[in-house]
Amino acid sequence: MHNHDHHDHDHDHDHDHTPITETDEPLTEARVLEQALRELLDEKGVITAAQIARQIDIQDSKTPALGAKVVAKAWTDPQFKQRLLKDPLKAINEDFGLQISTPLELVVLENTADVHNVVVCTLCSCYPRMLLGIPPAWYKSTDYRSRVVVEPRAVLKEFGVELSEQMQVRVSDSTADIRYLVLPMRPPGTENMTLDELEALVTRDTMIGTAVPVLE
Ligand code: FE
């Protein structure tokens, strides 16, 4: 165990919550407690196995598409961008007619000509699932988590992102209460693109900071 509470189950142990996908991992104290609690809640009719399965389904069905819509809108609507940077969830909920609620703080990190942001969770795998869905496997890897904070430029280079010497690289380490979303820079030559076309440029990794949007 570590001191890294997850208030939204936003971590890579969600699969432990259902017996269907139980692994061969040793039964830890936390897992025994979780299983006992889940069975008790089911038994008492507080929350059913079906409701738990439904929530897992909802979580697993999320994709980076919502994040891409948010970024594309921020690129084309300066007023929205200001509100997004100031109060991300409020701006997103208002403009996309959503009701995302979470005790977590969402912070949007804007890439500029001078600063490139990249996001990690050094302790486990905290990730802005409300916007990007399931984190990629490499995001949870020990290699990425340990190296990106020490040598971000080298790691980014391995992802194919080469930054100039003048560019400052800022690594943001997710905590128990904060999730980060990178707002990538809009590439030049996209002035006449539609929102749909812009969204297509905004891949998952561009919102983690391990890629930059490029024109095909
Ligand atoms: Fe984490």
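When you scan the stretch 31-51, do you find a residue that is outside any loop (DSSP other than H, G, I, E, B), of a type outside the set (Val, Ile, Thr) and at pLDDT below 50, even just one? Among the residues of the stretch 31-51, not one is outside any loop (DSSP other than H, G, I, E, B), of a type outside the set (Val, Ile, Thr) and at pLDDT below 50, which makes the answer no.
With the requirement that a residue be among the small types (Gly, Ala, Ser) and in contact with a strand residue (DSSP E or B) (Cβ under 7 Å, 6 or more places away or on another chain), what does the stretch 27-72 give you? Scanning the stretch 27-72 gives a single hit, GLY67.
Considering each residue of the stretch 62-82, count those that are part of a helix (DSSP H, G or I) and touching a residue at least 12 places away in the same chain (Cβ under 8 Å), and give that number.
Matching residues across the stretch 62-82 total 14.
Kindly establish whether THR190 is out of contact with any strand residue (DSSP E or B) (no Cβ under 8 Å at 6 or more places or on another chain), more than 27 Å from ASP57 (Cβ to Cβ) and within 16 Å of the ligand (Cβ to nearest atom). When the stated conditions are applied, THR190 does not pass them. Quick check on MET207: is it without any contact (Cβ under 8 Å) to a residue 24 or more places away in the chain and either aliphatic (A, V, I, L, M) or under 22 Å from PRO78 (Cβ atoms) (or both)? No, not satisfied. A single member of LYS140, LYS90 is within 16 Å of the ligand (Cβ to nearest atom), assigned by TED's automatic domain parsing to the domain that holds MET207 and under 19 Å from the mean Cα position of the chain (by Cα), and it is LYS140. On inspection, LYS62 fails the criterion of being basic (Lys, Arg), buried (at least 17 other Cβ atoms within 10 Å of the Cβ) and under 27 Å from the mean Cα position of the chain (by Cα).
The values are calculated or read from the model by the stated rules, or taken from the named source; none is laboratory data. This structure is a prediction, so every number in the text was calculated from the model and none was measured. Here Cβ is always computed from backbone atoms with ideal geometry, including for glycine, and neighbour counts include all displayed protein chains.
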